[in-house]
Structures are given as C-alpha cells and as structure tokens.
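Okay, structure first, notes after.
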Amino acid sequence: MKKITLATLALLTSTFISPIFANEANITVEDAWISEAPPVSKVMVAYMTIINNGDKPIEITNAGSYTYSSIEFHETIHEDGMARMIRYGEIPIPAHGKVQFKRGGKHFMLFNPTKHLKAGDIVKMKLTTSDKKTKVISVPVEKAQY
Ligand SMILES: [Cu+2]
C-alpha cells in the first residue's frame, strides 16, 4: 500500500514539475550585473557570460524584464577613433560555447527603468532562446566601474 502511494506521488510530482524544466533554456548565466546609473538616466547596461550547455548552436533571441520598457543586444565598435554601438536581433552561441557581454564590447542595453535602481537592487530578466525556451535570471545592480 505504501509503495503504491509513493509511486502515485512520484507520478504526480513529475507530471507537475517536468513541464517547467522542459521549457527552461539549456544555458548557464555567470557574472551577471547591471551598472548603476544616475537617477536621470533613461538607459542602463548589463553584462554577463552566457554558456550554451547543449550539443547544438542556439541563439539568444530576446531579453525582457518588468523593470524596463525594452532590452536590446548591442556591441560597442571602435572605428576611425570613434566608438559607436550596433544592435543585434539575436546573439548566437556555439554548441558548448559561450558569449561574453563585457565593458567595451557586447552588452545588454536596458531602456526606461521603472524606478531609480541602486547598487544592491536585484532585477529579474528573462532570456529567450531560439528553441523557444526561456530562463529567468536575477541580476544585481552594482556600482559603475570606470
Ligand atoms: Cu548600447
């Protein structure tokens, strides 16, 4: 009798839990942080390393957060002594590879924060991958580095 109960419980548990994990993107996010900005600033920048744990290449196709009106993928390019930013629609990551968003290179551009975010605040961001999966990450706001 006890065995049946446990088996039933296991079945119910897997039924309820597996769809959540099945939809989670097979990526690992490391060293994520958002650079603190002055209160008047309408844009902020986030950095992180994203690792593709899978056997196939994937793309990061979208990033969203309730804390910002929109998030774009940018890269700072230096040309003829001038720095400018280009925007990407998606960010490819090779199988078992990684992509680094870091100062002076690729970054997440975060538009119109809903409030003044200070060092120590935590922002939830949702990343969507080309296989239609998502991963929610918690990104701390930290003092700007120069
Ligand atoms: Cu930018």
For this session: Give me the angle, in degrees from 0 to 90, between the Cα long axis of helix 2-22 and the longest principal axis of the Cα atoms of the chain, rounded to the nearest 10.
Result: 20 degrees
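When the Kirkwood hydrodynamic radius is evaluated over all pairs of different C-alpha atoms of region 103-146, what value in angstrom, to one decimal, is obtained? Walk me through the numbers before you get to the answer.
Values: mean 1/r = 0.0796 Å⁻¹.
Averaging 1/r across every pair of different Cα atoms and inverting gives 12.6 Å.
Viscosity 1.306 mPa s, temperature 10 °C: give me the Stokes-Einstein translational D for region 70-146 in µm²/s, with Rh taken as the Kirkwood radius over C-alpha pairs. Write down the numbers at each step before the final one.
On the way: Rh = 14.6 Å.
Here the translational diffusion coefficient equals 109 µm²/s.
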For this session: Provide the packing ranking of 119-130, 72-83, i.e. peptides ordered by the mean count of other C-beta atoms within 10 Å per residue, highest first.
Result: 119-130, 72-83
Exercise. Name the residues of region 131-146 whose amide N is less than 17 Å from a point 7 angstrom out from the Cα of residue 53 along the C-beta direction?
Worked result: 131-138
Exercise. Of all the accessible heavy-atom surface of the chain, with the other protein chains kept in place and a 1.4 Å probe, what percent is carbon and sulfur?
Worked result: 58 percent
Problem set entry | FRET efficiency for residue 124 and residue 61, using Cβ-Cβ distance with R0 set to 22 Å, rounded to 0.05 | 0.75
For this session: Provide, as a two-decimal number, the C-alpha radius of gyration of the chain over 2.2 N^0.38 Å, N being how many residues it has.
Result: 1.29
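The values are calculated or read from the model by the stated rules, or taken from the named source; none is laboratory data. From a predicted model like this one, the values you see are computed outputs, not experimental measurements. No Cβ is skipped: glycine too gets one built from the backbone with ideal geometry, and neighbour counts run over all protein chains shown. For accessibility, only protein heavy atoms count, side chains too; no ligands or nucleic acids. Shrake-Rupley method; radii C 1.70, N 1.55, O 1.52, S 1.80 Å.
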